[in-house]
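Engineer: First the structure, which I've put down as structure tokens, then a few questions once you've had a look.
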Amino acid sequence: MLPCRAFVVLCVWLFVLPSESISSDNTRAWDIPRFSAEGRTLYKAASSVTPKAGTDVVVLDEEENYVFDADGKAIRTHYLVYKVLTQKGSEGWDDISLGWEPWHEERPTVRARVITPDNVIHALDPKTVTDSPARDDNNKTYGDGRTLRAPLPAIAPESVVEEEEISKERAPFFGAGVVVRNYFGRLVPVQSSKLVLEAPDSMPLRYVLQMLPDMKPQKTEASGRVRIVFEQGPMDALDEVEDYLPKEIPGQPQVAFSTGASWQGVAEGYGQIIDEKASQKDVQSLVNGLVEGKTNREEKAAAILQYLSREVRYTGVEFGDAAIIPHAPAETLKHKYGDCKDKATLAVAMLRAAGIPSFVALLNAGQRHDAEAELPGMGLFDHAIVYVPGNQDLWIDPTDEYARLGQLPQSDQGRLALIARAESSELVAIPEASSRDNRVVEKREFYLAENGPARVVETTEPHGVFESGFRSAYADADDKDSRKDLKDYIGNEYLSEKLGRINRSDPADLSKQLQLVIEASEAKRAYTGLDSASAAIRLESLFYRLPNELQQREKEAEKGADATTDKPKKPRTADYQLPEAFVNEWRYRFFPPLGFQAKPLPPRVKI
């Protein structure tokens, strides 16, 4: 299950990376009026910077400006000046591109110019600006988001580029407040960057600084408005963000800010939207049939979840304000598809119709930096699930079609969530499964032949976060890809090229534990000769669920090179957090051939 794009994540990249030095000339690129007619002055200022050898692009100036009105609508201006130094840089930075959403934004305006070393100014041709449907990485989501793109003219090594983008909201993204992350730092050097926030002094602007220890925001107030300026000087080029960071650790420097008064206001506002949409009358007769004969909350909830898993597939149709507002349950049932907030709202309506209080919960799913607990507002949430309060709370993710009641995808667990109800006053942590909950038990039975290789029967029972993945992988009994994967598996694990029977319980039946049985014949991992029979156990396979670098010996990992640069890999600087706690459990049984007797086991060795 991949996180839903139900809520646009409001992030802006303020990339700052410095060169080594600045000329003694007091004229700097960021002191020059924007798009001044004299290109020679800007080019001279940009050329006064001496970057490190091998630098492809150096950013001279970057500024992000947000101006909010009393209704919460924002005008965003992004300004950027950079110099291209290499052919690689000109190929990677040869266009201008930004996304926008017609349901709450006007079409952005862009302008740009390229100044070549001969001081000739090449202005962006407005006729080359295209406005096309945005392409989403998730091909199961459809919407009316747009992308403006245009090629930059005459860009080449030693050229200087100046860009400006202006976006205006015609309606606020969310009336109870928004949260935005502005990232400082790029993978190329930047000399200076700035974030400016302007708003009515009645707006509760809050912010947090991450990985910017020397930044000192400047706040001024005048004429009923407040202005906060965040300025950052030269920064070294950022490294790629390390994998497996704890969720509370940001991947790069940033300023996050919010305009919401309180989490209670955000939760109540979104809860009202859900209550208006989650009509029970449209689902009551359906639910009555599903829960007939069920006597407790768990049985009723499981029956409803089973129905949603079988009948309503995950597909996002997010035209207009459907980017944050769910469709009505009747519409979702009619189409038999919906995105995360659609399926969560439908589940809430059905659970309530069964007499089970339930609420939509919003979260930022995945392994990346989590939502900010002290910054109330919409903008960092990208997923919706269901919260059912009780003596034992239930959390349900209806988009994970193969998860049984009580199971959540790993990407949901441990994340901070906002329960959309008036009683909510803060974010709450979604429970995490223990290692005993997330276990894979493999029963491996070796039937040693009278002579030659053995026959192996392996029975796998996945639990917790792994069970849903197994159900999905083996949903089709005759799937050729699954059979090929299993054939490759027995070849590596048991040195067998003959895959026999494959039996699995019904993956779509969420009422029973999934079980997968495979049989491999002529498995050379065990062999019987004239006077002895032996079997080998490959212990390294126990650790295959760990990240690759944790499966290497320490000295080998230290010698590992960066695949993109062939440079020695830098030592890790942040804590390492595994995606989930888990147990791999193997249970071996050996059946010797007639006439053979097992030798005593060797004494235990403490490691």
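Any read-out appearing in this document is the output of simple, stated calculations on the displayed coordinates, not a laboratory observation. All values derive from a computational prediction rather than experimental measurement. Note that each Cβ is placed from the backbone with ideal geometry, even for glycine, and that neighbours are counted across all protein chains shown.
Engineer: Tell me which of Thr77, Leu499, Ala598 sits at the most positive position along the dipole axis of the chain, charges placed on C-beta atoms (Lys, Arg +1; Asp, Glu -1).
Structural biologist: Farthest towards the positive pole: Ala598.
Engineer: Follow-up. Going toward the positive end of the dipole of the chain, with +1 on Lys and Arg Cβ and -1 on Asp and Glu Cβ, which of Trp103, Leu290, Ala53 do you reach last?
Structural biologist: Working it through, the farthest residue towards the positive pole turns out to be Leu290.
Engineer: Give, as a single signed number, the net charge of other residues whose beta carbon lies under 13 Å from the beta carbon of Lys480, with Lys and Arg counted +1 and Asp and Glu -1.
Structural biologist: Combined, the nearby Lys, Arg, Asp and Glu give -3.
Engineer: In addition: Let me know the Kirkwood hydrodynamic radius for region 346-502, please, with Cα pairs as the basis and the value in Å to one decimal.
Structural biologist: For region 346-502, inverting the mean 1/r across all distinct Cα pairs yields 18.7 Å.
Engineer: How high is the relative contact order of the chain? Use alpha-carbon pairs under 8 Å, at least six apart in sequence, and give a whole percent.
Structural biologist: 13 percent
Engineer: Going through the cross-link list Lys140/Lys443; Lys73/Lys219; Lys168/Lys281; Lys277/Lys512; Lys83/Lys194; Lys44/Lys168, which pairs have a Cα-Cα distance over 28 Å in this structure?
Structural biologist: Pairs exceeding 28 Å: Lys140/Lys443; Lys168/Lys281; Lys277/Lys512; Lys44/Lys168.
Engineer: Here's something else I'd like to know. Order these peptides, 476-482, 61-67, by their mean beta-carbon neighbour count within 10 angstrom, highest first.
Structural biologist: For the peptides 476-482, 61-67, the packing ranking is 61-67, 476-482.
Engineer: Mind ranking 542-550, 245-253, 452-460 by how tightly packed they are, going by the mean number of other C-beta atoms within 10 angstrom, highest first?
Structural biologist: For the peptides 542-550, 245-253, 452-460, the packing ranking is 452-460, 245-253, 542-550.
Engineer: Using the Cα centre of region 439-591 as the reference point, and only Cβ charges (+1 on K/R, -1 on D/E), how large is the resulting charge dipole? Debye, rounded to the nearest 20.
Structural biologist: With Lys and Arg at +1 and Asp and Glu at -1, about 260 debye.
Engineer: Let me ask something else. For region 11-261, what is one quarter of the convex hull surface built on the Cα atoms, given in nm²?
Structural biologist: Value for region 11-261: 15.4 nm².
Engineer: Under Stokes-Einstein, with the Kirkwood radius over Cα pairs standing in for Rh, what whole-number D in µm²/s applies to region 338-398 at 10 °C and 1.306 mPa s?
Structural biologist: Reported coefficient: 127 µm²/s.
Engineer: Taking a cut-off of 19 Å between Cα atoms, list the lysines near Lys480, but don't count ones fewer than 8 places away on the same chain.
Structural biologist: Cross-link targets: Lys498.
Engineer: In what sequence, highest mean first, do 209-218, 356-365, 273-282 appear when ranked by Cβ atoms within 10 angstrom?
Structural biologist: For the peptides 209-218, 356-365, 273-282, the packing ranking is 356-365, 273-282, 209-218.
Engineer: What number in nm² do you get for region 149-267 if you take the convex hull of its Cα atoms and divide its surface by four?
Structural biologist: Here the figure is 11.1 nm², rounded to one decimal.
Engineer: With θ set to phi - 60°, apply the Karplus curve 6.51 cos²θ - 1.76 cosθ + 1.60 along region 259-271 and write out the HN-Hα couplings as whole Hz, x wherever there is a Gly or Pro.
Structural biologist: Each residue's phi maps through the Karplus curve to give 10, x, 6, 6, 5, 4, x, 5, 5, 5, x, 6, x Hz.
Engineer: With N denoting the number of residues in region 197-260, provide Rg(C-alpha) divided by 2.2 N^0.38 Å, to two decimal places.
Structural biologist: Ratio of Rg to 2.2 N^0.38 Å for region 197-260: 1.38.
Engineer: Over the C-alpha atoms of the chain, what are the Rg and the largest Cα-to-Cα span, Dmax, in Å?
Structural biologist: 29.2, 98
Engineer: Separate question: Largest first and in whole Å, what are the equivalent-ellipsoid semi-axes of region 404-493 based on the Cα gyration tensor, each being the root of 5 times an eigenvalue?
Structural biologist: 41, 15, 9
Engineer: Right, another one. Please report, in debye to the nearest 20, how large the charge dipole of the chain is about its Cα centre when each Lys and Arg carries +1 at its beta carbon and each Asp and Glu carries -1 there.
Structural biologist: Rounded to the nearest 20 debye, it is 1400 debye.
Engineer: Could you give the alpha-carbon Rg of region 264-429 over 2.2 N^0.38 Å, rounded to two decimals?
Structural biologist: Scaled against compact globular proteins, the figure is 0.96.
Engineer: Same structure, new question: Please report Rg over Rh for region 439-591, where both radii come from the alpha carbon positions and Rh follows the Kirkwood definition.
Structural biologist: Here the Rg-to-Rh quotient is 1.05.
Engineer: Rounding to the nearest 20 debye, state how big the charge dipole of region 377-506 is about its Cα centre with +1 on each Lys and Arg Cβ and -1 on each Asp and Glu Cβ.
Structural biologist: That gives a dipole near 360 debye.
Engineer: Follow-up question, since we're still on this one. What is the Å³ per residue value for the convex hull set by the Cα atoms of region 456-508?
Structural biologist: 88 Å³
Engineer: Also, quick follow-up: Could you work out the relative contact order of region 347-505, using alpha carbon pairs under 8 angstrom and six or more residues apart, expressed as a whole percent?
Structural biologist: 16 percent
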